[in-house]
Amino acid sequence: MIEALNKPITYVKGVGPKRAEVYEKLGISDAFDLLCHFPRDYVDYSVQVPIAQAPTDEPCCVKARVVKKLAPAFIRKGLTVYKAVLTDGSDDLTLIIYNAEYQFRSLCDGREYILFGKLSGNAVRREISSPLILPADSPDLIQPVYRLTEGLSQNMIRQNIHSVLDSIGGTIYEPLPKEIMQRYSLCSLDYALENIHFPRDSHALAVAKRRLVFDELLTLRLGMTLLRLKGLKATSCRMKEYDISDYYSSLPFELTGCQRRAIEDCCADMCRDYPMNRLIQGDVGSGKTAVAAGAACFAAGNGYQTALMAPTEILAHQHFETLSGFLEPLGIKVALLTGSLSAKKKSALKEQIKNGEYNVVVGTHALVQQSTEFQHLGLVITDEQHRFGVGQRDTLAAKGNNPHKLVMSATPIPRTLAMMIYGDLDLSVLDELPKGRQGIETYAVTGKLRQRAFGFIRGQLDQGRQGYIVCPMIEENDMELQSVREYSERLQADDFRDYRVGLLHGRLSPADKDKVMREFKDHELDLLVSTTVVEVGVDVPNAVIMLVENADRFGLSQLHQLRGRVGRGKYKSYCILVTDNVTEESVKRLKILSSTSDGFKVSEEDLKLRGPGDFFGSRQHGLPPLRIADMSSDTELLRLAQTAADGITAVDPELNRPEHKGLRELAQRLFKEDRQEK
């Protein structure tokens with residue numbers, strides 16, 4: 001990469017300190033970041049329709065010549081309306097501009113322009129308000145549209161990117177070896193950057209995007225490989241074979257074959273010279289905690305302590321109770337360390353942990369506090385690992401001498417993508433449900449059956465069971481939050497007036513969330529109205545029914561995660577998906593949920609259908625943020641990038657060869673940015 005791209009963005013022509021601060025809000029700090037701020041969309045001015053044929057319900061482009069500019073109309077203070085009459089030779093069009101005097105003055109009588117926007121009016125009189133305007137003789141008929149923040153305009157970003165491209169003038173360092181470019185028919189990076197921002201035509205745009213998506217996926221895979229190699233440092237926690245058959249025989253149930261294999265994999269990993277770095281990936285209710293307990297039992301048998309970090313206090317309590325039940329009969333002492341303990345109790349417990357009096361310590365973020373010390377920390381387990389930043393996981397691991405790491409995730413990922421997403425981890429998949437696990441009957445219905453569904457829920461509550469009603473929220477803004485509150489109050493006052501109804505949402509403090517969930521778990525509440533914060537939560541075996549409002553607004557995998565909150569006990573369980581959006585696509589998607597309870601099958605279908613929601617969002621899986629690639633749609637390029645990466649690392653795993661220098665820089669930069677974000 002040429003040095004100019006690494007310089008602060010203030011070196012870019014037209015970017016001063018104030019604009020640099022605004023760019024920082026978008027995560028743009030240097031010229032390279034700016035070039036990688038790819039357009040979120042494009043306006044294609046080359047596709048035009050006659051004024052007479054322009055639709056009124058969707059944006060389009062019309063080409064017209066300015067006939068006359070009318071006098072400005074001063075409506076009131078702060079509002080001036082500018083109008084001009086244009087024609088395409090057959091029909092006239094009135095252009096309306098609000099408060100934009102400069103834009104209005106720049107229009108020239110007799111000159112042709114292309115206008116992009118929604119037309120209104122009727123067959124006799126057509127109007128267009130505040131459109132995008134481009135001179136008809138402009139060479140750039142495909143214009144980029146960028147993600148903005150306050151203080152930046154589309155023109156500012158376009159001009160600044162033009163400046164960067166002009167300054168490097170075709171001299172950017174080419175990170176891909178020629179052989180790979182030829183094998184996969186990829187254009188040069190210069191061409192790709194020029195045409196992703198200012199495409200000559202739709203074909204050039206497609207060629208540019210293909211190259212940049214390939215680069216990003218290749219870089220991600222190579223970065224994962226570098227992370228894996230970085231983890232292969234010698235560990236002082238090398239363990240010896242130890243018989244844990246007592247653990248197996250003491251369990252009140254029989255482990256599945258995949259649970260046993262996962263435990264055996266963990267034990268074998270912990271006997272190596274370098275730390276275990278393994279992911280236990282299992283569907284909801286697949287028994288990941290029993291695997292973690294087996295690994296902790298093996299570590300205790302070797303004289304090492306285990307730390308298990310959960311994202312919330314309520315989950316930490318749940319793991320503590322489960323692990324205590326599994327391990328304490330074997331003489332393995334389990335402690336619970338959370339932020340809500342009194343200072344006196346916390347101090348005493350930390351002293352005992354430091355002295356090695358506890359073999360297993362379950363906790364929340366309190367585990368990573370500087371004052372928490374271990375005597376012989378050999379195994380670090382994180383639950384729902386995507387909920388923790390890299391820094392927190394590293395801080396906990398630093399409390400031992402390169403301890404073994406085990407992470408657990410209840411989010412099934414299509415097998416075709418697991419190696420890309422978790423490329424730095426060894427993978428154990430739990431794809432068998434434990435014996436006796438209740439199935440969940442799932443029904444998709446329209447809002448017309450809502451009252452009947454409420455009656456069914458009341459029937460379950462009358463039998464002493466509990467239930468959830470989940471409401472979608474695109475953003476936890478005040479308006480949406482208010483509607484959820486009103487909905488909850490309406491249920492309490494009307495359909496469920498004889499029952500105890502609670503409300504759970506993301507704006508509650510962690511302590512208040514824990515309080516509501518504890519009340520629900522202790523059956524002080526019969527029905528919990530919740531947003532998706534309940535998606536990964538406490539285990540309530542008595543909860544047997546869930547109703548999801550506006551189910552079409554969720555991704556399939558998210559719906560599958562949600563329904564996993566029920567069916568966790570001995571009672572028959574149900575999930576009712578309510579939607580009034582009965583389009584062919586939404587019906588097809590919800591039928592999939594009704595027909596299978598296999599999370600891996602659901603995730604495969606979610607991938608194919610690309611339901612709403614960021615299924616492969618970087619925050620969900622701990623991935624660095626992807627700027628242009630889309631895991632759910634770029635599957636063919638994903639496969640090619642994986643093949644290319646495997647070929648490179650087979651001959652040069654650490655990317656030390658001169659021809660791989662650029663790729664190494666890109667991989668290091670990608671993961672450096674990820675670490676800073678978290």
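The values are calculated or read from the model by the stated rules, or taken from the named source; none is laboratory data. No experiment lies behind these values; they were computed from the predicted model shown. Counting neighbours? That spans all protein chains shown, and the Cβs are built from the backbone with ideal geometry, glycine included.
Can you pull out every residue in segment 268-295 that is under 21 Å from S236 (Cβ atoms) and part of a loop (DSSP other than H, G, I, E, B)? Those that are under 21 Å from S236 (Cβ atoms) and part of a loop (DSSP other than H, G, I, E, B): M270, C271, R272, D273, Y274, P275, M276. For segment 107-126, give me each residue that is loosely packed, with under 12 Cβ neighbours inside 10 Å, modelled with pLDDT under 95 and among the small types (G, A, S). Hit for segment 107-126 is A123, nothing else.
The set of residues in segment 294-319 being within 28 Å of the chain's Cα centre (by Cα) and either within 23 Å of C271 (Cα to Cα) or not hydroxyl-bearing (S, T, Y) (or both) consists of A307, L308, M309, A310, P311, E313, I314, L315, A316, H317, Q318, H319.
Name the single residue, out of those in segment 214-248 being among the β-branched types (V, I, T) and modelled with pLDDT under 95, that is nearest to G301 (Cα to Cα).
Taking segment 214-248 and keeping what is among the β-branched types (V, I, T), we get 219, 225, 235, 244.
Now narrow it down to the ones that are modelled with pLDDT under 95: 219, 225, 235.
Working: T219: 41, T225: 32, T235: 18 Å.
Applying the filter and picking the extreme gives T235.
Between A645, A667, the distinction of being part of a helix (DSSP H, G or I), within 12 Å of L217 (Cα to Cα) and either modelled with pLDDT under 90 or touching a Cys at 6+ places or on another chain (Cβ under 8 Å) (or both) belongs to A667 only. Residue pairs whose Cβ atoms lie under 7 Å apart, separated by 6 or more positions or on different chains, with the first residue in segment 315-343 and on the phi < 0 side of the Ramachandran plot and the second among the small types (G, A, S) and not in a helix (DSSP H, G or I), are A316/A310; A316/G363; H319/A310; L336/G363; L337/G363; T338/G363.
Checking the condition among the hydrophobic types (A, V, I, L, M, F, W, C), in contact with a Lys or Arg (Cβ under 6 Å, 6 or more places away or on another chain) and outside any helix (DSSP H, G or I), which residue from V566, V540 passes? Walk me through how you get there before you give the answer.
Numbers: V566 fails: in contact with a Lys or Arg (Cβ under 6 Å, 6 or more places away or on another chain).
Of the residues listed, the single one that is among the hydrophobic types (A, V, I, L, M, F, W, C), in contact with a Lys or Arg (Cβ under 6 Å, 6 or more places away or on another chain) and outside any helix (DSSP H, G or I) is V540.
R65 meets each of the listed conditions (1) more than 15 Å from G117 (Cα to Cα); (2) under 35 Å from the mean Cα position of the chain (by Cα) apart from (2). Looking at segment 75-127 only, could you name the residues that are assigned to a helix (DSSP H, G or I) and either of a type outside the set (D, E) or not assigned by TED's automatic domain parsing to the domain that holds P50 (or both)? Of everything in segment 75-127, those that are assigned to a helix (DSSP H, G or I) and either of a type outside the set (D, E) or not assigned by TED's automatic domain parsing to the domain that holds P50 (or both) turn out to be Y102, Q103, F104, R105, S106.
For (1) among the charged types (D, E, K, R); (2) more than 28 Å from the chain's Cα centre (by Cα); (3) within 17 Å of P39 (Cβ to Cβ); (4) crowded, with 16+ Cβ neighbours inside 10 Å, each residue gets a yes or a no:
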site: R147; (1), (2), (3), (4): yes, no, yes, no
site: I157; (1), (2), (3), (4): no, no, yes, yes
site: P177; (1), (2), (3), (4): no, yes, no, yes
site: I180; (1), (2), (3), (4): no, yes, no, yes
site: C187; (1), (2), (3), (4): no, yes, no, yes
site: L193; (1), (2), (3), (4): no, no, yes, yes
site: D201; (1), (2), (3), (4): yes, yes, yes, no
site: L205; (1), (2), (3), (4): no, no, yes, yes
site: D215; (1), (2), (3), (4): yes, no, yes, yes
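The single residue among R40, R19 that is within 20 Å of L165 (Cβ to Cβ) and surrounded by fewer than 16 Cβ atoms within 10 Å (Cβ to Cβ) turns out to be R40.
Could you say which residue among E519, E524 is modelled with pLDDT of 95 or more and either assigned to a loop (DSSP other than H, G, I, E, B) or closer than 19 Å to I457 by Cβ (or both)?
Details: E519 fails: modelled with pLDDT of 95 or more.
Answer to the selection: E524.
Restricting segment 577-632 to residues that are β-branched (V, I, T) and over 30 Å from I196 (Cα atoms) leaves a set whose member that is modelled with the highest pLDDT is V578. Can you find, within segment 249-301, the residue that is farthest from R228 (Cα to Cα) among those that are at pLDDT below 95 and of a type in the set (F, W, Y)? Filtering segment 249-301 for residues that are at pLDDT below 95 and of a type in the set (F, W, Y), the one farthest from R228 (Cα to Cα) comes out as F253. Would you pick out the residues in segment 220-260 that are loosely packed, with under 15 Cβ neighbours inside 10 Å, within 30 Å of T643 (Cβ to Cβ) and not aliphatic (A, V, I, L, M)? The answer is K230, K233.
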